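Shown next, in structure tokens, is the structure this report addresses.
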Amino acid sequence: MAKIVVLDGYTENPGDLSWKPLEELGELTVYDRTSYVESPVIAQRIGEADIVVTNKTPISKETIDKCPGIKLIAMLATGYNVVDYKYAREKGIPVANVPTYGTASVSQYSIALLLEICHHIGHHSDSVKKGDWAANVDWCYWDYPLIELEGKTIGIVGFGRIGQKEGRIAKALGMNVIAYDLFESESGRAIAEYVSLEKLYERADVITLHCNLTEENTRMINKSSIAKMKDGVILINNARGQLIDEQDVADALNSGKIGAAGLDVVYTEPIRSDNPLLSAKNCIITPHISWAPKESRQRIMDCTYSNIKAFLNGTPENVVNP
């Protein structure tokens, strides 16, 4: 019977899902948390396991060498940058990810960040509960400018499954949709006008990021690209924190060049206390939860089960390092 170790299962399953399907595939050990940085405890907990399941706990070359029994590394996520997947390939260890679980939840959350910026619903609810409305001389009030989205242009950088889902929602809100992607598609053209990245920066009232992180696009939102954008542009990022230069975005928020930002990801997570975005004007930051509705996490669990079962059957699926 295969030995399966889950290194950091809590964020995937804080108690509202079941590990039972994985128990049916082998001898299962689940740790809520192990380490998010390189540590000897990672190899200690893997021990003689055949299958390692991880979300954000890193699996380095050193860990792989210390654990020669590893036959499969299964990600509880789409991203797999925490694994030295190239070295794993050299050692004949497939790394399997979960490619499509978050389309609905991540696109919905991106729009939720945008709508919160437009209306500041949380703030105004808190204000009412503090007594501000009861004490107000007028029959209504608002503490921030309110924004109507109909007729405005949203520019979506990265127009795959999530970007296109967001594009359909934006069109339903009456927005004009433009998009940039390295690979244009007919399904994308049915939703948006494809434009160059330069044109997207120039035309968009709202810019949202849904692209994969690469060496080429790391810190793509920086002083230079921001200068090309409209004054008062709204920036939404719930893709990867490394896509933006945080100091440059903070400076642009404080100057008003960027009117507001809604961010669910930052460069270093958990966020550092000295992150310049924490004190920037008109900046909403949430703790990387776009992916986390129960429905979405159940899809992760289901796909992880399928990935492990397929590997045990000799037909690996969703392998990112073939």
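Just a few scattered comments:
- With a 1.4 Å probe rolled over the protein heavy atoms of all chains, the accessible area of Asp231, Asp143, Asp264 falls in the order Asp231, Asp143, Asp264, largest first.
- Residue-wise HN-Hα couplings along segment 266-281, as the Karplus relation 6.51 cos²θ - 1.76 cosθ + 1.60 with θ = phi - 60° gives them from phi, are 9, 4, 10, 10, x, 4, 7, 5, 9, 4, x, 6, 5, 10, 6, 5 Hz; Gly and Pro carry x.
- The mean of 1/r over all pairs of different alpha-carbon atoms in segment 43-144, once inverted, gives a Kirkwood hydrodynamic radius of 17.5 Å.
- Debye-sum result for segment 89-164 in log10 I(q)/I(0), which assumes one identical scatterer on each alpha carbon, at q = 0.13, 0.15, 0.24 Å⁻¹: -0.64, -0.74, -1.13
- Considering all C-alpha pairs of segment 110-240, those separated by over 21 Å amount to 46%.
- Residues with amide H under 5 Å from that of Gly259, placed H, sequence gap 5 or more: Gly232, Val233, Ile234
- Cα-centred dipole magnitude for segment 234-316, charges only on beta-carbon of K, R (+1) and D, E (-1), debye, nearest 20: 340
- Taking the three principal axes of the alpha carbon atoms in segment 258-313, the coordinate ranges are 53, 21, 17 Å, sorted in descending order.
- Anchor Lys199: lysines whose Cα lies under 27 Å away (excluding residues fewer than 8 positions away in-chain): Lys152, Lys165, Lys171, Lys223, Lys228, Lys230, Lys257, Lys281
- Axis of helix 103-119 versus longest Cα principal axis of the chain: the two differ by about 30°, to the nearest ten degrees.
- With the charge dipole of segment 129-208 set up from +1 on Lys and Arg Cβ and -1 on Asp and Glu Cβ about the Cα centre, the Cα lying farthest toward the positive end among the listed residues Ile147, Ser196, Phe183 is that of Phe183.
- Mean-position separation - Cα centroids, segment 180-251 and segment 122-176, in angstrom: 20
- Phi angles across segment 170-181 convert, under the Karplus curve 6.51 cos²θ - 1.76 cosθ + 1.60 with θ = phi - 60°, into 3J(HN,Hα) values of 4, 4, 5, 7, x, 8, 7, 10, 10, 8, 10, 8 Hz, Gly and Pro given as x.
- Carbon plus sulfur fraction of accessible area for the chain, probe 1.4 Å, in percent: 51
- Kirkwood Rh (inverse of mean 1/r, distinct Cα pairs), segment 140-179, angstrom: 11.2
- Here segment 217-322 was treated as a single set of alpha-carbon atoms; its pair distances binned every 5 Å from 0 give 2, 11, 18, 17, 12, 9, 9, 9, 6, 4, 2, 0 percent.
- Global size of the chain: 21.9, 72 Å for Rg and Dmax (C-alpha atoms, Rg to one decimal, Dmax whole).
- Dimensionless Rg/Rh of segment 1-98 - Kirkwood Rh, Rg from C-alpha atoms: 0.93
- Computed from the Kirkwood radius of its Cα pairs, the Stokes-Einstein diffusion coefficient for segment 30-87 at 4 °C and 1.567 mPa s stands at 114 µm²/s.
- Of Trp19, Trp133, the order by accessible heavy-atom surface (1.4 Å probe, DNA, RNA and ligands excluded), from most exposed downward, is Trp133, Trp19.
- Sequence-distant lysines (8 or more away, or on other chains) whose Cα lies within less than 21 Å of Lys20: Lys3, Lys294, Lys309
- A 1.4 Å probe run over the protein chains yields, for the chain, 50 Å² of accessible area per residue, whole-number rounding.
- Based on C-alpha pairs under 8 angstrom that are at least 6 apart in sequence, segment 2-76 has a relative contact order of 37 percent.
- Sequentially through segment 39-56, phi angles give Karplus couplings (6.51, -1.76, 1.60; θ = phi - 60°) of 7, x, 5, 4, 5, 4, 6, 5, x, 9, 4, 7, 10, 10, 10, 9, 10, 10 Hz, Gly and Pro residues having no value and appearing as x.
- Among Glu295, Glu246, Glu216, Glu12, the order of accessible area from largest down is Glu216, Glu295, Glu246, Glu12, computed with a 1.4 Å probe on protein heavy atoms.
- 0 to 90° range, to nearest 10: angle between helix 246-255 axis and the chain longest Cα axis: 10
The values are calculated or read from the model by the stated rules, or taken from the named source; none is laboratory data. Note that the structure is a prediction, hence the values are computed from the model and not measured. Here the Cβ is made from the backbone with ideal geometry for all residues, glycine too, and neighbour counts use every protein chain on show. Note: areas computed on protein heavy atoms with side chains; ligands, DNA, RNA excluded. Shrake-Rupley method; radii C 1.70, N 1.55, O 1.52, S 1.80 Å.
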